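Dumping the structure here so I can ask a few things about it.
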């Protein structure tokens, strides 16, 4: 190749046509060509890719309005479209299925701090709201977003398996806030749901509880699935030569569903004496419903919350739960995102924090052991 040729970052990783389009797009923004693109053969040589790859990439650029494809003639740059897309490739997309303010306090604080940290380093952030529902509609929304912007990174906040798979197949770096699903390999940041639920079962068992239930949303979220795994693993470990009895109570996200499931299980002779409850807001629904049934905590039923919220410290007695230091969580989260942005790569593995168990006053000796 002649030394007069412009220098390019060769396309790598997945979705080669999309990466090729990004490479050509950046060259257009840099002013490498004035009015026309080189021919397909020249682009193949410059970028070290095949002609079908170049043609697909050019089609993407035509959809973006950057070029006009003319068969039999050189492809023309569209006047007035030679400036970078918004933020010049320094845009971070935050993908979420619910408003950011609706996430847990720890997650909300960490996301806010991360956005402030990115702003200090010259990166802008934009929230892409993808409500739960049609996976195809979610993918189309994200496809439109990455086509219209030069995105430096996508941050997937508690995303579905479908969106995680979609991000894994893109050339754009992606980071999961939460846990990855089993068939997805992306860098992720979360607290160790599996270890927490395993530990909680041990706390119950040390207080003599053998009949336990995990109350959890039927969300399909990777963190919730990991919670079930840790819960069941701990139950399978025999204590004193006897394995524990456990039930997973999955609900559809509504208070009515939770109460109905609780009525069903507490209407049996072998009702649980210990409840491990995911999602802090669910704790109060469970507490009130148990009182309606004439059951006190921890007199009749012991309770541990998987997640933390400052409201759990205000009850009397305080609710036993697992807590993370918000500052530590936020700082580590921001460092990982900046590392990904600066290096363009993070190992596709989980980065897990281990919360501290806060005993509270909602766990007592099982009545069966008294």
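The values are calculated or read from the model by the stated rules, or taken from the named source; none is laboratory data. Everything numeric in this text was worked out from a predicted model, so none of it was measured. Positions of Cβ are backbone-derived with ideal geometry, glycine not excepted, and every protein chain shown enters the neighbour counts.
Within the stretch 17-52, track down each residue that is under 12 Å from residue 77 (Cα atoms) and loosely packed, with under 13 Cβ neighbours inside 10 Å.
Step one: list which residues in the stretch 17-52 are under 12 Å from residue 77 (Cα atoms), which gives 24-25, 27-29, 31-38.
If the condition is that a residue be under 12 Å from residue 77 (Cα atoms) and loosely packed, with under 13 Cβ neighbours inside 10 Å, then 31, 34, 35 are the ones that fit.
Inspect the stretch 184-205 for any residue being surrounded by fewer than 16 Cβ atoms within 10 Å (Cβ to Cβ), over 22 Å from residue 110 (Cβ atoms) and not assigned by TED's automatic domain parsing to the domain that holds residue 284 and give the result as yes or no.
yes
What is the residue count in the stretch 175-209 for residues that are farther than 27 Å from residue 95 by Cβ and either touching a helix residue (DSSP H, G or I) at 6+ places or on another chain (Cβ under 9 Å) or touching a residue at least 12 places away in the same chain (Cβ under 8 Å) (or both)? Show your work before the answer.
From the stretch 175-209, those farther than 27 Å from residue 95 by Cβ are 198-209; that's our starting set.
Of the ones still in play, those that are also either touching a helix residue (DSSP H, G or I) at 6+ places or on another chain (Cβ under 9 Å) or touching a residue at least 12 places away in the same chain (Cβ under 8 Å) (or both) are 198-205, 207-209.
Result for the stretch 175-209: 11.
If you don't mind, another one. So, of the residues in the stretch 351-370 that are touching a strand residue (DSSP E or B) at 6+ places or on another chain (Cβ under 7 Å) and crowded, with 17+ Cβ neighbours inside 10 Å, which turns out to be nearest to residue 193 (Cα to Cα)?
So the residue we want is 355.
Hey, any hits in the stretch 295-310 for a residue that's in a helix (DSSP H, G or I) and under 22 Å from residue 209 (Cα atoms)? Show your work before the answer.
From the stretch 295-310, those in a helix (DSSP H, G or I) are 310; that's our starting set.
Okay, now just the ones that are also under 22 Å from residue 209 (Cα atoms), so none.
No, every residue in the stretch 295-310 fails to be in a helix (DSSP H, G or I) and under 22 Å from residue 209 (Cα atoms).
Can you confirm whether residue 301 is free of Cβ contacts under 8 Å to residues at least 40 places away in the same chain and closer than 20 Å to residue 365 by Cβ?
So residue 301 passes the test.
Being outside any helix (DSSP H, G or I) and either within 15 Å of residue 251 (Cβ to Cβ) or touching a helix residue (DSSP H, G or I) at 6+ places or on another chain (Cβ under 9 Å) (or both) is the filter here; which residues of the stretch 273-294 pass it?
Going residue by residue through the stretch 273-294, those that are outside any helix (DSSP H, G or I) are 273-279, 293-294.
If the condition is that a residue be outside any helix (DSSP H, G or I) and either within 15 Å of residue 251 (Cβ to Cβ) or touching a helix residue (DSSP H, G or I) at 6+ places or on another chain (Cβ under 9 Å) (or both), then 273, 274, 275, 276, 277, 278, 279, 293 are the ones that fit.
How many residues does the stretch 140-168 hold that are in a loop (DSSP other than H, G, I, E, B) and at pLDDT 90 or above? Spell out the reasoning first.
Step one: filter the stretch 140-168 for residues in a loop (DSSP other than H, G, I, E, B), giving 149-150, 158-160.
Right, trim to at pLDDT 90 or above and you get none.
Qualifying residue count for the region: 0.
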